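Have a look at the structure below, then the notes.
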Amino acid sequence: MTTRRLPKPPSLESIVERVDQQRPGEITGDTVPSGFPSLDTLLGGGLRRRDLVLLGGDIGSGKSALALGIALRVARQGLGVAFLSGEMDEGRLMERALAIEGRASVDELRTATLNEQARAGVGAAVVRLRGLPLAMLPLAAPDFESMGERLDAVRQLALERQVALLVVAQLPRLEPTRENPRPTLDDFGHLGATKQHADVVLAIFREDMYHPGGGVDGATELIVAKNRNGPTGFVDFYFYRRWMRFEDVLDPDR
């Protein structure tokens with residue numbers, strides 16, 4: 001068995017030197033912008049390398065879609081991304097990515113029922129996706145314990161390679177019928193070593209899931225429930241359910 005060595009932490013002198021050389025508002029090398037401007041502003045520029053970021057939400061809230069959306073936006077900046085999924089194989093993931101980027105539904109792609117506008121959008125998306133530094137890998141395992149072991153290895157590798165690790169999680173303690181169904185840290189339940197180990201905790205809340213007709217369909221709050229290095233709060237997103245695509249309300253994609 002070999003022992004892996006983690007990189008040495010920066011010295012006080014090197015931190016001060018970096019601050020002196022950095023222009024106000026400039027994004028540092030240890031920051032990975034998510035590609036969603038409102039979220040990046042709240043997180044001081046984006047996700048930080050070596051951080052564990054947990055993304056949770058109710059069933060059907062769009063957790064996987066948002067995680068894939070972030071992966072695509074990070075890759076579009078020329079930063080390498082590995083997307084590991086325990087739900088879908090590479091083909092299904094690429095199909096989802098094409099739907100998000102091309103603004104088309106997965107059903108339209110499967111049945112080849114795209115109109116001319118959608119076909120043009122998908123064609124342009126293929127060109128953009130082809131050159132992205134994005135690897136999509138299945139994370140299949142025969143049981144939960146084996147899956148846990150594999151994830152532990154991924155967390156160790158993330159520390160060694162100095163990358164940000166975004167993990168998607170269900171919320172076992174979320175009670176949808178309670179007065180305020182917005183997710184909290186306590187809803188992460190047994191994953192709840194969350195409060196100690198996660199550097200950032202994000203949670204998706206869509207009003208239309210709990211009060212149909214009571215708000216704007218697709219309106220989404222991305223809650224920053226924990227932020228070890230800065231403020232908590234929320235940002236407004238919009239979810240295009242047909243395309244499985246999230247956009248920043250204050251800075252939407254053109």
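Observations, loosely collected:
- For the set Phe83, Phe234, Phe246, solvent exposure ranked by accessible area (probe 1.4 Å, protein chains only) runs largest to smallest as Phe234, Phe83, Phe246.
- Probe 1.4 Å, all protein chains present, accessible-area order of Met94, Met244, largest first: Met94, Met244
- Among 179-187, 65-73, the peptide with the highest mean count of other Cβ atoms within 10 Å heads the list, and the full ranking is 65-73, 179-187.
- Seen through its C-alpha gyration tensor, with square-root eigenvalues sorted a ≥ b ≥ c, the range 172-250 comes out oblate because a/c lies at 1.5 or above while a/b is not bigger than b/c.
- Mean-position separation - Cα centroids, the range 207-254 and the range 171-185, in angstrom: 16
The values are calculated or read from the model by the stated rules, or taken from the named source; none is laboratory data. On a predicted model such as this, the values are computed, not experimentally measured, just so you know. Neighbour counts are summed over all protein chains in view; Cβ atoms, including those assigned to glycine, are modelled from backbone coordinates with ideal geometry. Note: areas computed on protein heavy atoms with side chains; ligands, DNA, RNA excluded. Shrake-Rupley method; radii C 1.70, N 1.55, O 1.52, S 1.80 Å.
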